[in-house]
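Have a look at the structure below before the remarks.
The values are calculated or read from the model by the stated rules, or taken from the named source; none is laboratory data. Computed from a predicted model, the values in this text were never measured in an experiment. Cβ coordinates were reconstructed from backbone atoms using ideal geometry, including for glycine residues, and neighbour counts include every protein chain displayed.
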Amino acid sequence: MTALSTLSALPSSYAVRLTNQMLISATGEQTDSYLHGQLTVNINDLDKHQVRICAHCDNKGKTWSVPYVARFNDGVVLISNKDAGAHSLAQLNKYGVFSKVDIIDASEAYHHYFISEALANSLCKSFFDSLPDSPMSSVSSANGLLFKTPYTQAGFYALITAEHAEAWEEKMAEAVEAIYGQAVFDAILIDNLIPTLSESGVNEYIPQMLNVQAVEGIDFDKGCYMGQEVVARTRFLGKNKRAAYSFTLNHATSVAPGETLEKQLGENWRRAGNIIATAKLQAETWLMAVLSNDTKETDCHRLAENPDITCYPNTQPYNIEQNPSNIIKKRK
């Protein structure tokens, strides 16, 4: 696979072969009602061509995973990384025994890819009848599922069946300028501040601390679901004081999720928060961390485990606040 120096060096035509993704499949007559009671978005209203980001929480509102959720093959699928997805799978099966729903790890049956918009027309036409025309919309076929992502790096997430993956790989190799590994996709997620949890961050944060509300991943007007009381109370009482931020280091260095960031206060440093996701490229390192939600771009931070490395938060790509009056109007 091709190595990438920095995210800004991405060519117009490229693909990313994803090897750290997990696919959870839910089928059965009570799939919608069961998942509606488990996830932060309204599954009953989920359109067959719609994809949502959501959170899956425990009864205290702590987040197991932040997956994409979509309808596919007469069921519903959740797409996340392996760390967080493994916890969600276990928890969904724990309570799923009381409903008519079958929940399985379908990861082995599909291959995952992220492809640039420039590549999509030439690559996808042999596998799908059309391309999704708006962010977070999807199309499907016997070959798999394809949805358009909302990232700055315009592209599509492709879920290809294992039996058609070889043909996909052949066409991809013919059409693309470069094929990258998982780290490039991880960097794209961090750059766009798409909530992502590694093992150390699982079951540690409520969704608003991960900015899930900012990517339309919480429907505050839906019925009861696991952790709703905490999520709703945190929103309507304004109790959340944390948020996710991204950082870019202008060199390649090894940083592990779970490591601590410290914030400079005058001549002193104090603990600011923990890193929840990382991505290392050839000449650049991306970090996502949960910090105080009043953190400014001018606030200097450093790695507690490597204090010579300092960094500043990137500009957030969205507003982490939500207009209370709009939420109240939507409540049913």
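Odds and ends about this structure:
- Boolean, Val231 is part of a helix (DSSP H, G or I), touching a residue at least 24 places away in the same chain (Cβ under 8 Å) and touching a Cys at 6+ places or on another chain (Cβ under 9 Å): yes
- Flag if Lys239 is of a type in the set (Lys, Arg), crowded, with 18+ Cβ neighbours inside 10 Å and at pLDDT below 95: no
- Identity of the residue in segment 165-198, surrounded by fewer than 20 Cβ atoms within 10 Å (Cβ to Cβ) and in contact with a Pro (Cβ under 7 Å, 6 or more places away or on another chain), that ends up nearest to Phe247 (Cα to Cα): Asn192
- Checking Thr234 against (1) closer than 30 Å to Gln182 by Cβ; (2) surrounded by 17 or more Cβ atoms within 10 Å (Cβ to Cβ), the condition it does not meet: (1)
- So Tyr225, is it closer than 23 Å to Ala86 by Cβ, buried (at least 20 other Cβ atoms within 10 Å of the Cβ) and touching a residue at least 12 places away in the same chain (Cβ under 8 Å): yes
- The condition of being at positive phi, outside the structural domain of Asp45 (by TED's automatic domain parsing) and of a type outside the set (A, V, I, L, M) holds for Gly266.
- Boolean, Asp83 is surrounded by fewer than 18 Cβ atoms within 10 Å (Cβ to Cβ) and modelled with pLDDT of 95 or more: no
- Residues that are more than 18 Å from the chain's Cα centre (by Cα) and either closer than 24 Å to Ala183 by Cα or part of a strand (DSSP E or B) (or both) do not occur anywhere in segment 82-100.
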